[in-house]
1. Here are some conditions: (1) assigned to a helix (DSSP H, G or I); (2) surrounded by 17 or more Cβ atoms within 10 Å (Cβ to Cβ); (3) at pLDDT below 90. F444 meets all but one. Which one does it not meet?
2. Among the listed residues S98, S66, S121, S45, identify the single one that is hydroxyl-bearing (S, T, Y), in the same structural domain as I283 (by TED's automatic domain parsing) and at pLDDT 85 or above.
3. Out of curiosity, is V12 more than 21 Å from the chain's Cα centre (by Cα) and not in a helix (DSSP H, G or I)?
4. Could you check how many residues of segment 358-389 are closer than 15 Å to L264 by Cα, more than 20 Å from the chain's Cα centre (by Cα) and touching a residue at least 40 places away in the same chain (Cβ under 8 Å)?
5. Read through the list (1) more than 18 Å from A466 (Cβ to Cβ); (2) in contact (Cβ under 8 Å) with a residue 24 or more places away in the chain, then give the number of the only condition that S355 fails.
6. Is there any pair with a first residue in segment 166-192 that is surrounded by fewer than 16 Cβ atoms within 10 Å (Cβ to Cβ) and a second that is assigned to a loop (DSSP other than H, G, I, E, B) whose Cβ atoms are under 6 Å apart and which are 6 or more apart or on different chains, and what are they?
7. Test I84 against the criterion of being in contact with a Phe, Trp or Tyr (Cβ under 6 Å, 6 or more places away or on another chain) and β-branched (V, I, T), and give yes or no.
8. Looking at I17, is it assigned to a helix (DSSP H, G or I), in contact (Cβ under 8 Å) with a residue 12 or more places away in the chain and farther than 24 Å from G201 by Cβ?
Amino acid sequence: MRGRLSEYKSRVAAVYILGLFIQILDGTIVNIAIPTLADEFGVESTDVDWAIIGYALALAVTIPVSGWLGDRYGTKRMFLIALIGFVLASTACGAATSLEMLIAFRVVQGMFAGLITPIGSAMLFRAYPVEERAKAATLVIGVAVIAPAIGPVLGGILIDTLSWRWIFYVNIPVGTVGLVLGWLWLREEIVGASSRIDGWGILLSGGGLAMVLFAVSDGPSRGWGSPVVLTTLGLGVVALVVLVVVEQRVENPVLALRLYGDRLFRATNLTSAPAYAGFFSLIFLMPIFLQKVGDHSALVTGLTLLPQPIGVIISSQLVGRRLYSAIGPRGLLISGCLGALVPGLYLITVDESTSLGVIGAVLLVRGIAMGFVFVAIQTATYATISLPDMGRATALFNTQRQAAVAVGVALAATVLSATVISLDDVASGGSTIDDRVQAFRYAFGASAVLFGIAAVFALSIRNEDAAATMGRIDN
């Protein structure tokens, strides 16, 4: 019996990792392709940010519904539907003939991707007992960061040798393998959920976040005093405030905000939001900097970014197997956030002549620090959450995480757009190289500061709350 349970845990982890792999791979490849897509569609690089923001926003809107869908219709059924939809949407992205079409298909892609992570996380953490969740988190992180490691290099090869369209077509074979294994290996789990879905919660969360991100993204180009910007920002903030009130009164809310009453869950979520925003904002910025300012190819850019995920792989294995049990999530998160802050601040000194080796070394240090952050967050966040609440908790955490990604990218694009006239075509009277470098320095600085905020929030975490997850993992 014990052997069968152990075998099933491994199978759940394998299927979930495949789904997570193509989702993360897709994001990292698209970041590498931003300058290429801007040239393809004849727009500024910062205009392509909505191919990333729209995807992240769709994730954030869909994730809350995932818990309800998985509980009501079954985790296996919904996970497989999500994979099918993701593969089909990826195919459509590759066939897009305009930026508007690409953004639309990216939104659809994000909607299906929004089901993969929370439903897969719920299946994984239900399969693993609480004392083994550090091991589960290490497995997921260790394999999942291979996607960011492969993504930039693979994206560079595909873009330089074939076409940008193949950065989406590459999802088809991996997604197909995940579908077959999921069909064969997963067990159906139906926890039971209300027959009614919280429509107001979906509308307010999606609409509010979309309006806020639109205002932040378009503020620099339209002007912060623009009626459009002020109106959408105001309506977005009001919608999010009303969302908090409504979700406290609904019997079965799409966002179970009551879970923030749990001290550990609240503290880890507060820490993770600026940490994820800081991490992904630089992933958005660096490929544009290397290709538009440094004038490097997509492949060289991908190779330069490679040390960061390698750093995550190295440190996450050490943290998950040795340091987490000895230090606990509080110390790991504080040191990890400060460790990511320092190399981030160093980047405000770079220019077009900075050695690629130096940039790679800085990213390696940053990746090592992020390994501390990722393992601690993934392991401690659900330590005090009951199994019946696991689906709602993973949905809430992942909603916030994707919202943080979208905000981080929007913030980076906003700072960049606000401090430079044009990222393209110096000869046509746009920005000078010095203007571009200064703009990126401001953006790099804004990205780094987010880790300082995360470190402050990490001070509120108490190791005793996560004691159940701190059993030592020796193999």
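The values are calculated or read from the model by the stated rules, or taken from the named source; none is laboratory data. Note that the structure is a prediction, hence the values are computed from the model and not measured. Here Cβ is always computed from backbone atoms with ideal geometry, including for glycine, and neighbour counts include all displayed protein chains.
1. The number of the failed condition is (3).
2. On the way: S66 fails: at pLDDT 85 or above; S121 fails: at pLDDT 85 or above; S45 fails: at pLDDT 85 or above.
Within the list S98, S66, S121, S45, the selection yields S98.
3. Numbers: more than 21 Å from the chain's Cα centre (by Cα): yes; not in a helix (DSSP H, G or I): no.
Answer is no for this residue.
4. So the answer is 4.
5. Every listed condition holds for S355 apart from (2).
6. Final answer for the pair search is E188/G74; I190/G74.
7. Values: in contact with a Phe, Trp or Tyr (Cβ under 6 Å, 6 or more places away or on another chain): no; β-branched (V, I, T): yes.
Considered against the rule, which asks whether it is in contact with a Phe, Trp or Tyr (Cβ under 6 Å, 6 or more places away or on another chain) and β-branched (V, I, T), I84 comes out as no.
8. Spelling it out, I17 is indeed assigned to a helix (DSSP H, G or I), in contact (Cβ under 8 Å) with a residue 12 or more places away in the chain and farther than 24 Å from G201 by Cβ.
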